[in-house]
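Okay, so here's the structure we're looking at.
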Amino acid sequence: MGNHLFKGRKSRSKKRPMSFVHHQASPSHTGIRTVSVDNACNFSTDSDLCISIVTWNMNGQVSFEDLAEMVGSNRKFDLLVVGLQEAPRPGKKVATLLSAILDESHILIGKVIMQSLQLYLFGPKNAGSFITELKVDKQSFGGCGGMIGRKKGAVAIRINYKGIRVVFISCHLSAHARNVEERNSQCRHISHSLFSKMWNPYARPSHVTVWLGDLNYRLQGIDSHPARNLIEKDLHRRLHGKDQLLQEAGRGQIFDGFCEGRLSFKPTYKYNKGSSNYDTSYKVRVPAWTDRILFKIEDENDVEATLHSYDSMDEIYGSDHKPVKAHLCLRHHQLPTKI
């Protein structure tokens, strides 16, 4: 968070705020750690907080059916986090549809909207009794990303729920394979800027940071047809080494210490809208895992995280991106075990 807060200060007794991503290479960097998925989630017994997380670049379109499919019928979670990019405006329409889908189980407890970049947080109807802090913030990269409806930047919600402090960051970074350094710089800018104006030097840091969105990192060093051939043969795991996000994290540039589930699903971009066929336009874009969900535990002795699912939703056809969904459960070692 904002280093500019310290210009002109003489006191050195207060620590600078922590950033959300590691922002420069160091000999001790670990990059993004790939974690396994434990498919069995015993909701409300083994965990203190279960979170369903979904990110989707909507390409400016929305339908009740797609959102209902995205949310799903399983309500075995405490919080639902929905991060949307290129979402239709006004955001009120999306919020109304999501609330209608969740009416019987969860209510909207937090939202932050920056044009087409939107983040919604839903919790159970009695969520108010478990919340001791809820703040929102947003950070743009100027302009509208070249087109109205493609706002670039990040929106975030910080919440203390059941004594577990979590920050959710949803972003839309710059496009095109060549703009790797620009995306790296945007990650650092988001990390240092969010919540910097409301920084409290005496506040305790978050236990968990969840970063989701259209990060727009592409595949490096492979053309479209060889990449598609591997995907068609269900050999897309061979493309992991060409993923720019994993490469840059491995170099210590971004997301040091974050975790991500294995990319067992096919690249989520770019599809012909209304189908599961990759781009057949004249550009014939190289497929890529542009849409991601990462998380970081600040102290694994304090909070334990288990990833129960991480997958794309290939049965949704309303956009040129496929949604990505994760189920993350947290256990606070200092909280009493549920009965």
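Can you tell me how the chain classifies by the Cα gyration tensor, rounded, prolate or oblate, using a/c under 1.5 as the rounded cut?
Taking the square roots of the gyration eigenvalues as a ≥ b ≥ c, the chain is rounded.
Check every DSSP H run in the chain and write down those whose alpha carbon atoms cover 15 angstrom or more along the long axis and whose mean Kyte-Doolittle hydropathy is -0.5 or greater.
Long hydrophobic helices here: 91-101.
Computed on alpha carbon atoms, what radius of gyration and Dmax characterise the range 165-250, expressed in Å?
16.8, 54
Find the eigenvalues of the gyration tensor of the Cα atoms of the range 40-153, then list the square roots of 5 times those eigenvalues as equivalent ellipsoid semi-axes, largest first, in whole angstrom. Before the final figure, lay out the partial values.
Numbers: eigenvalues 140, 53, 30 Å².
Equivalent ellipsoid of the range 40-153: 26, 16, 12 Å, largest first.
With an 8 Å Cα cut-off and a minimum separation of 6 or more residues, compute the relative contact order for the chain in percent.
Relative contact order for the chain comes out at 25 percent.
Given charges of +1 on the Cβ of Lys and Arg and -1 on the Cβ of Asp and Glu, with all other atoms neutral, how large is the dipole of the chain about its Cα centre, in debye to the nearest 20?
Roughly 1440 debye for the chain.
Given a cut-off of under 8 Å on Cα pairs at least six residues apart, what relative contact order in percent is computed for the range 73-123?
Relative contact order, the range 73-123: 49 percent.
State the percentage of accessible surface on the chain attributable to carbon and sulfur atoms; use a 1.4 Å probe and exclude ligands, DNA and RNA.
Roughly 48 percent of what the probe reaches on the chain is carbon or sulfur.
Which pairs break 19 Å Cα to Cα here: Lys92/Lys151; Lys92/Lys322; Lys125/Lys197; Lys270/Lys322; Lys242/Lys266?
Lys92/Lys322; Lys125/Lys197
Between Ala177, Ala249, Ala87, find the one with the highest GNM mean-square fluctuation for the chain; connect C-alpha pairs within less than 10 Å.
Ala177
Where does the charge balance sit around Ser281 when Lys and Arg score +1, Asp and Glu -1, over other residues with C-beta under 12 Å from its C-beta?
Result for the neighbourhood of Ser281: +2.
Over the Cα atoms of the range 66-222, each weighted equally, I'd like the Debye log10 I(q)/I(0) at q = 0.12, 0.17, 0.21 Å⁻¹, rounded to two decimals.
Values, matching the q order: -0.56, -1.05, -1.38.
With no solvent and one equal point scatterer per Cα, compute the Debye intensity ratio I(q)/I(0) for the range 95-135 at 0.16, 0.18, 0.24, 0.34 Å⁻¹ and report its log10, rounded to two decimals.
So the normalised log intensities work out to -0.43, -0.54, -0.85, -1.16.
Could you go through the range 126-139 in sequence order and give the Karplus-derived ³J(HN,Hα) for each residue, using 6.51 cos²θ - 1.76 cosθ + 1.60 with θ = phi - 60°, rounded to whole Hz, and x for Gly and Pro?
9, 4, x, 6, 9, 9, 10, 7, 8, 10, 10, 7, 8, 8
From zero outward in steps of 5 Å, how is the percent of C-alpha pairs of the range 187-317 spread across the bins?
The distribution over the range 187-317 is 2, 8, 16, 20, 17, 13, 10, 6, 4, 2, 1, 0, given as percents.
Choose one of Tyr317, Ser281, Ile293: the residue whose Cα lies farthest towards the positive end of the charge dipole of the range 260-336 (beta-carbon charges +1 Lys, Arg; -1 Asp, Glu; about the Cα centre).
The one lying farthest along the dipole's positive direction is Ser281.
The values are calculated or read from the model by the stated rules, or taken from the named source; none is laboratory data. Quantities reported herein were computed from a predicted structural model and do not represent experimental measurements. Glycine also receives a Cβ, built like all others from the backbone with ideal geometry; neighbour counts cover every protein chain displayed. Note: areas computed on protein heavy atoms with side chains; ligands, DNA, RNA excluded. Shrake-Rupley method; radii C 1.70, N 1.55, O 1.52, S 1.80 Å.
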